[in-house]
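Inspection log for the structure reproduced underneath, given as structure tokens.
Taken together, the values in this text are just the output of simple stated rules run on the coordinates, not laboratory data. Since the model is a prediction, treat every value here as computed from it, not as a measurement. All Cβ positions, even for glycine, are placed from backbone atoms using ideal geometry, and neighbour counts span all protein chains on display.
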Amino acid sequence: MTSRATTLRATALAAATLLALTACSSKAKDTGGDGDKGGKAGAGGVRTGEGISGKTITLGVLTDMTGVYATLGKSVTQAQQLYVKQTNAAGGICGYKLSLTVRDHGYDPQKAVAGYTELAPKVLGFTQFIGSPFVAAVKQRIDGQDKALVLPQAWSASLLGSPYIRVIGSTYDLETINAIDFLMKEKGLKKGDKLGHVYFEGDYGENALKGSRYMAGKSGLTVVEQKIKPTDNDMTAQVAALKKAGVKAVVISAGPRQAASLVGVAAAGGFDVPVIGNNSAFAPQLLATQAGPALMKNYYVASPSLPIGAETPKAQKLVADYKAAYPKDSLDNGVVAGWTAASVFGEALKKACAGRDLTREGVDKALLTIDAFDNGFGVTQDFSDPKAPSSNRSVILQPDKSVTGGMKVVRQAQESEVAKGYTPSVG
């Protein structure tokens with residue numbers, strides 16, 4: 001895959017601005033929102049459909065507040081609630097206030113599908129859907145029947161190719177290639193070495209494994225695979241197997257608990273090798289556990305953006321606003337992910353308003369015009385091609401309890417040379 005260096009065209013900006021002034025500054029009148037898929041045009045000239053009733057746009061959130069990604073789900077959801085609160089306080093979008101309908105699926109496939117079935121007829125789209133396997137399970141319905149924009153907290157390449165499911169950041173396979181590139185360039189992994197890969201069975205882990213296998217083939221590595229389930233929390237057996245195999249580094253594509261167990265058990269057993277996880281395989285709360293010192297020494301995380309503690313004006317404002325809204329809760333990169341997804345959806349709504357079409361179709365088309373979205377976290381996102389992730393670059397982070405959010409940058413956003421020649425398999 002080649003990098004996409006895109007810029008917004010001045011003429012398009014001018015046209016969008018003119019339309020926004022004529023369509024959005026004058027508050028659009030409600031046009032029914034009664035489930036008519038074709039949409040209806042009211043006095044304000046803005047078409048609407050599902051998810052819009054009265055003066056409210058309702059968006060869906062399918063999250064994990066009680067399962068393997070509970071800490072991530074809470075942060076993502078609260079960040080999106082903060083975005084909605086601030087947007088509404090500023091007058092809303094196109095004269096409408098935003099509302100989130102939240103369902104906790106607890107990382108249970110039946111609950112996830114049931115939650116989607118319940119919310120799909122009632123919302124304009126989804127600002128969050130945690131779990132690549134669960135999004136994949138309803139992908140056919142999204143593409144063929146519902147056609148509502150879904151911005152998942154999931155990065156499997158199997159989700160690419162849909163004009164309605166849009167991955168924010170690099171997919172797991174690309175992210176893993178970039179992660180191994182870091183291990184080879186900066187952590188001593190070299191041609192001829194064995195690389196361990198511990199991964200969740202299913203869409204997430206198996207897509208990350210594709211990246212490992214591809215990078216191994218290009219770089220002369222041998223991958224030692226260890227498949228686990230989301231319910232497997234003790235990595236003692238996996239560490240023993242990898243140590244016996246003589247691996248020189250490990251990739252983990254699982255949850256925060258599994259990563260902490262892997263790194264902690266390895267340290268206790270004198271297995272001193274670098275470990276790198278995909279973006280959802282860490283929570284700063286782990287630094288307060290017995291695994292904390294080992295995580296700060298030997299663990300790294302590949303991320304689609306700079307961390308919450310980044311020294312940029314937008315990052316610092318988000319930190320201050322989130323602390324004010326949720327003073328008892330810790331900061332982590334779930335805040336960045338949630339805020340980014342809500343902001344992207346909000347930008348699509350604004351552009352759809354400029355085009356006077358707030359139906360699902362109008363919002364889907366509006367997103368295709370966003371090719372240089374910058375949320376202030378170091379990576380510009382391009383949503384113009386449904387067959388590609390919005391970015392191919394990854395930031396490498398390291399746990400550090402002394403910094404805001406518990407993560408520091410050890411390598412800025414990069415797309416490795418091997419990643420440039422790789423094309424994810426579109427689902």
Would you be so kind as to identify which of Val275, Trp339, Ala260 lies farthest towards the positive end of the dipole of the chain, taking Lys and Arg as +1 and Asp and Glu as -1 on Cβ and the Cα centre as origin?
-> Trp339
Spin-label point model (7 Å from Cα, Cβ direction): what's the Leu368 to Lys387 distance in nm?
-> 1.4
Compute the relative contact order of segment 69-144 as a whole-number percentage, counting only Cα pairs closer than 8 Å that sit 6 or more residues apart in sequence.
-> 25
Most packed first (mean Cβ within 10 Å per residue), the peptides 183-193, 291-301, 337-347, 107-117 order as 337-347, 291-301, 107-117, 183-193
Determine, from the Cβ-Cβ distance of Thr101 and Lys401 and an R0 of 41 Å, the FRET efficiency 1/(1 + (r/R0)^6), rounded to the nearest 0.05.
-> 0.70
Dipole magnitude of segment 100-152, debye to nearest 20 (Cβ charges: Lys/Arg +1, Asp/Glu -1, about Cα centre) | 80
By a straight-distance test (C-alpha under 19 Å), which aspartates and glutamates pair with Lys210 as possible cross-link partners, with residues fewer than eight away in the same chain excluded?
-> Asp173, Glu175, Asp181, Asp193, Glu201, Glu225, Glu415, Glu417
Might you report the magnitude of the Cβ-based charge dipole of the chain about its Cα centre, with Lys and Arg at +1 and Asp and Glu at -1, to the nearest 20 debye?
-> 400
Counting alpha carbon pairs within less than 8 Å and at least 6 residues apart, what relative contact order, in whole percent, applies to the chain?
-> 20
What are the DSSP H helices in the chain that stretch 27 Å or more along their long axis, judged by alpha-carbon atoms, and whose average Kyte-Doolittle hydropathy comes to at least -1.0?
-> 70-89, 333-354
Of the listed values (1) 0.91; (2) 1.06; (3) 0.97, grab the one calculated as Cα Rg over 2.2 N^0.38 Å from the structure here.
-> (3)
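Which order do peptides 196-205, 82-91, 281-290 fall in by mean Cβ count within 10 Å, highest first?
Details: 196-205: 23.5, 82-91: 15.2, 281-290: 19.9.
Order by mean packing, descending: 196-205, 281-290, 82-91.
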Dipole magnitude of segment 167-294, debye to nearest 20 (Cβ charges: Lys/Arg +1, Asp/Glu -1, about Cα centre) | 420
Residue among Thr359, Gly376, Tyr326 farthest towards the positive dipole end of segment 285-409, charges placed on Cβ = Tyr326
Tell me the label-point distance for the pair Gln140, Gln285, using the 7 Å Cα-to-Cβ offset, in nm and rounded to one decimal.
-> 3.6
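Note the full-extension length gain between Thr231 and Glu417 as 0.36 nm times their separation in residues minus their Cα-Cα distance, in nm to one decimal. Don't skip to the end; give the middle numbers.
Working: separation 186, 0.36 × 186 = 66.96 nm, distance 3.55 nm.
Value of the extension gain: 63.4 nm.
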222 nm mean residue ellipticity, helices alone, for the chain (DSSP H n ≥ 4; -39,500 (n - 2.57); rounded to 500) | -11500 deg cm²/dmol
Rg/Rh for segment 311-427, where both radii come from Cα atoms and Rh is the Kirkwood radius = 1.02
Given a cut-off of under 8 Å on Cα pairs at least six residues apart, what relative contact order in percent is computed for segment 252-316?
-> 35
Measure off 7 Å from each Cα along the Cα-to-Cβ vector at Ala268 and Lys55, then give the distance between these two points in nanometres to one decimal.
-> 5.9
Show me 68-80, 310-322 ranked by packing, highest mean number of other Cβ atoms within 10 Å first.
-> 68-80, 310-322
Compute the Rg/Rh shape ratio of segment 199-243: radius of gyration over Kirkwood radius, all on alpha-carbon atoms.
-> 1.01
